[in-house]
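Written out below as structure tokens is the structure these notes cover.
The values are calculated or read from the model by the stated rules, or taken from the named source; none is laboratory data. Keep in mind that what you see is a predicted model, and the values were worked out from it rather than measured. As a convention, Cβ positions derive from the backbone with ideal geometry for all residues, glycine included, and neighbour counts pool all protein chains shown.
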Amino acid sequence: MSQGIRKLLIANRGEIAVRIIRAARDLGIRTVQVVSEADRGMLATRMADEVVVIGPASAAKSYLNIGAVLEALRDSGADALHPGYGFLSENAAFARAVTAMGRIFVGPDADTIERMGDKVNARAAAIAAGVPVVPGSDGRLDDPAAALALASDMGFPVMIKAAAGGGGRGIRVVRDAAELAQAVPPAMAEAKAAFGDGGLYLEAYIENARHIEVQILGDGETVVHLYERECSLQRRRQKIWEEAPAVALAPEVRAALCASAVRLAQSVSYRGAGTMEYLWDPHRREFYFIEMNTRIQVEHPVTEMITGIDLMREMIRVAGGEKLSFSQDDIRCDGHAVEVRINAEDPARNFLPSPGAIIEMQLPEGDGIRFDQGFDAGSTVPPYYDSLIGKLIVKGATRAEAIARLRAALDATRIGPISTTLPLHRALVRDPGLAAGEVSTQWLETWLMQGGLAAEATG
């Protein structure tokens, strides 16, 4: 058992809630699962020791309702809270409120979230730590005129981003002044609606960039990296396919990239699991820090597969007051892992959401195969939240072996009668360009426009 945690409240849902419960159980920690009215039947509610309904289906009135979550934390007697990812996981005020109650927040402290969860502040910290950053704003922009003046100085194209938050919300690429003038007001409005903060910042737009991120773990004194992941396959800035290690990096680049992530995390005395996100410019052969996620990420299983380290277990231990159970020299990168997200969406109908009851769920088994699920047969995927059903993760000795194993695992997977993104992944895993690693953050959307899904329809 983690020395400081006996009972853990999970302030999240779906597959990440199941993942947290399993890690807590391994540590001998009792769990309390909070749910909305719409999630009463999800898998996590049947696994947790206790379940507390905190509100109606609307996330604003349940999972994002700080008062309701804190009330459940107090009344349940839990001495710690795990926020998972999304929802309140990077809300500094929430983290501060949890610790003000005398409870443990499983993650970095509120000051670190405030500093590193804000893109402008994180950028400043990276510059101070000597980590390269994409050319862009020195600070937040709250005025359209200031954004236009900066973009004119930088040169187009530029990318508009929300200063707070993530997940691709509020991002727009603009290629001239007229387009920028039209894009800034709605970007500010979207950022305000999504994160409660309408501030923006600008950065140069790198054509054909690859999205690389480094997993770090810290205990407040020591920080280690667990190598990198590549998340270049994205649709509307949402990751679809993730793998570790990255495809295109030479050993010396990998070493420099991971060292820069540790240096930045060490500079803020980071505690918990976190991810440093970078863009890799294949033309200049340079990497640039873009932001930090001060939480566990959806794609963390590929890192666990290549290192053999349970990230969730370790972050709970550290939150309970323990030191990291290993050093950097103990961490090895073995083989190659790929994760695909299986959502309740219909890729043949422009990814139309497909909520509803799951009657059939047949999952693959075998060496090097893992499936992290939030739902099972008999569960209902509600229409109110992210539509992630589960994540299929495979490992092979090489990337080619991992992709071959993924292909077989996808063919063995059955989920119905609702539509899912399985056909998308079955087509992707057969694509020669993806197999060759010839991808970028624009690759998937181009592939879809060019009829890449037809390979599954006719295959």
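Out of (1) outside any loop (DSSP other than H, G, I, E, B); (2) more than 16 Å from the chain's Cα centre (by Cα); (3) not small (G, A, S), the odd one out for D334 is which?
All conditions are met except number (1).
Mind checking which residues of region 66-105 are among the aromatic types (F, W, Y) and either in contact with a Lys or Arg (Cβ under 8 Å, 6 or more places away or on another chain) or at positive phi (or both)?
Y85, F87
Please state which one of Y270, Y227 is touching a Cys at 6+ places or on another chain (Cβ under 6 Å) and either without any contact (Cβ under 8 Å) to a residue 24 or more places away in the chain or not β-branched (V, I, T) (or both).
On the way: Y270 fails: touching a Cys at 6+ places or on another chain (Cβ under 6 Å).
The conditions single out Y227.
Among the numbered conditions (1) surrounded by 17 or more Cβ atoms within 10 Å (Cβ to Cβ); (2) at pLDDT 95 or above; (3) small (G, A, S), tell me where A255 comes up short.
(1)
Which numbered condition trips up A191, out of (1) modelled with pLDDT of 90 or more; (2) surrounded by 23 or more Cβ atoms within 10 Å (Cβ to Cβ)?
A191 satisfies all of (1) modelled with pLDDT of 90 or more; (2) surrounded by 23 or more Cβ atoms within 10 Å (Cβ to Cβ) except (1).
Yes or no: R236 surrounded by fewer than 18 Cβ atoms within 10 Å (Cβ to Cβ) and in the same structural domain as Y288 (by TED's automatic domain parsing)?
So R236 passes the test.
Only one of these conditions is not met by L311: (1) more than 27 Å from D26 (Cβ to Cβ); (2) buried (at least 18 other Cβ atoms within 10 Å of the Cβ). Which number is it?
Evaluating L311 over (1) more than 27 Å from D26 (Cβ to Cβ); (2) buried (at least 18 other Cβ atoms within 10 Å of the Cβ) leaves (1) as the failure.
Applying the selection to region 402-432, what residues are under 22 Å from W443 (Cβ atoms) and surrounded by fewer than 19 Cβ atoms within 10 Å (Cβ to Cβ)?
Across region 402-432, the qualifying residues are A404, R407, P423, R430, D431, P432.
If the Cβ limit is 6 Å and pairs must be 6+ apart or interchain, which residue in region 281-306 that is of a type in the set (F, W, Y) pairs with which residue that is in a loop (DSSP other than H, G, I, E, B)?
Y288/P132; Y288/V134; F289/V131
Show me the strands (runs of 3 or more DSSP E) entirely contained within region 143-232 in which 2 or more residues are within 21 Å of I290 (Cα to Cα) and in contact with an Asp or Glu (Cβ under 6 Å, 6 or more places away or on another chain).
Filter on region 143-232 gives 210-219.
Consider region 122-132. How many of its residues are closer than 21 Å to D197 by Cβ and either in the same structural domain as L70 (by TED's automatic domain parsing) or surrounded by 18 or more Cβ atoms within 10 Å (Cβ to Cβ) (or both)?
The number of residues fulfilling the criteria is 4.
Could you please tell me which pairs satisfy a Cβ distance under 8 Å, a separation of 6+ or placement on different chains, a first residue in region 327-355 that is under 18 Å from T398 (Cα atoms) and modelled with pLDDT of 95 or more, and a second residue that is hydrophobic (A, V, I, L, M, F, W, C) and surrounded by fewer than 16 Cβ atoms within 10 Å (Cβ to Cβ)?
Filtered contacts from region 327-355: G335/A397; H336/A397.
Inside region 112-139, can you point out the residues that are modelled with pLDDT of 85 or more, more than 19 Å from F94 (Cα to Cα) and among the charged types (D, E, K, R)?
Selection gives R123 alone.
Of the conditions (1) modelled with pLDDT of 95 or more; (2) surrounded by fewer than 23 Cβ atoms within 10 Å (Cβ to Cβ), M1 clears all except one; give me its number.
For M1, the failing item is (1).
Output the residues belonging to region 109-119 that are crowded, with 21+ Cβ neighbours inside 10 Å and closer than 19 Å to Y201 by Cα.
Listed by number, the residues that qualify are I113, M116, G117, D118, K119.
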